[in-house]
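Structure first, then comments.
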Amino acid sequence: MSKIPQFTRYAVGSALLATALGLGVFGIAAGSRDLGTDNGEQVQREYDEDHSSDDNSSDDRDDRGFKTSSFGGAPVDAVYHEECGSCHVAYPPGLLPSAGWRAIMDGLDDHYGDNAELPVDAKSYLTEFLDKNASDRGDRMKNARLLRDVANAAPLRITGLPYFKGEHDEIPVRMSEDNPEVQSFSRCDACHKDAAKGRFDEDTVAIPGFGRWDD
Amino acid sequence: MSRLSIRRIQLCGAFVLITLALNGVAGDLDTLLDGYRAQGARTFDPAAGEALWQKEFDGKSCTSCHAESTLDPGRNELTGKPIEPMAPSVNPERLTSKQQVTKWLLRNCKSTLGRECTAQEKGDVLTWLSGQ
């Protein structure tokens, strides 16, 4: 060490320190570029690129590699999407128990403040569809968390379910109710782009104006 | 034949075809309007239709969700879901399905006006919308 002139030592040390600091600043700048923009599409694109070559023909998975019977999911029904997805996201039937869906279908003339009346045949078809795919039908083990601690036998709000509240209790108000692009937790598809397919995985969440949700 | 008379024949032919085409497209709408006339509606007045569309009922109007101009997309006030423009000139699918028109008039009149729209009101609004 004593053979190297002091000047050189200082020069090399300063250069190393500058490089390290420069890398750090660059990293912070690059990372914060994603904040404040909606990179939900980018998240989806990257996921698609990674999974485009997945061979899913042999099992019950959709084209994204997720099981079609995944949590909250249901077979896609054209009538349900047409009639119950024209004003809001077509909420996956697996999110509420059958009694809840029946109560909703019996009160369509006052549907959360709006009128959503249906012709008789559409109403009975859809009631049966919802009943068949409700959270308390089929795989009760898988849907147990949705049914946990539900006070009302016929819950009318997915957003009122204890499980739902628990899953969303860490989200700051500025990202949800005070976020003009979200405004209400009932707008699942504001952050969960594939909500209608029953896909709510955290790594597919993109909050408008804030980007991904990383715990 | 002179060029002028060939041109006349072409124009007549075009006029006939267009009229027939418009009749075909307006089929469902005409059926609805006839139905309203049968229920006692008088001549339909597009100006009255426009007035009803823009009128506020307890803070709500058709434009609350359907935008100030029918050429623009709207947004469901409660859910934020985008709504395609109502004007057939921009969105040719509008007013082509009797079933859809009947369904939405039933629901949205009840939501907005608090009651069903009368046959006269429906005819007025549809006549106005068809010209948008």
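Here are the numbers for the structure shown:
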read-out	value
Under Karplus coefficients 6.51, -1.76 and 1.60, residue-wise ³J(HN,Hα) of the range B:114-119 in Hz, glycine/proline x	x, 7, 5, 6, 6, 4
Order of B:93, A:117 - criterion: other Cβ atoms within 10 Å of each residue's Cβ, fewest first	B:93, A:117
Sum of -39500 (n - 2.57) over DSSP H runs of 4+, divided by residues of chain B (222 nm, nearest 500)	-18000 deg cm²/dmol
Net charge over other residues, Cβ less than 15 angstrom from the Cβ of residue B:55 (K, R count +1; D, E count -1)	-4
5 angstrom amide H check on residue B:83, placed H, neighbours 5+ away	B:74, B:75, B:76
Modelled label reach - residue A:81, point 7 Å along Cα→Cβ, the range A:190-215 residues with backbone N closer than 11 Å	A:196-197
HN-Hα J in Hz across the range A:145-157 - Karplus 6.51, -1.76, 1.60, θ = phi - 60°, x for Gly and Pro	5, 5, 8, 5, 6, 6, 6, 8, 5, 10, x, 9, 10
Exposure proxy order (Cβ contacts within 10 Å, fewest to most) of B:107, B:3	B:3, B:107
Under 5 Å, built H, 5+ apart or other chain: amide partners of residue A:111	A:116
Backbone HN-Hα couplings from phi across the range A:6-21 [Karplus 6.51/-1.76/1.60, Hz, Gly and Pro as x]	4, 4, 4, 4, 5, 5, 5, x, 4, 4, 4, 4, 4, 4, 5, 5
Fewest-first ranking of A:161, A:108, using other Cβ atoms within 10 Å as the exposure measure	A:108, A:161
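No lab work stands behind these numbers, since they all come straight from the coordinates. The shown structure was predicted, so the numbers you read here are calculated from the model rather than taken from an experiment. Note: ideal-geometry Cβ built from the backbone for every residue, glycine included; neighbour counts use all protein chains shown.
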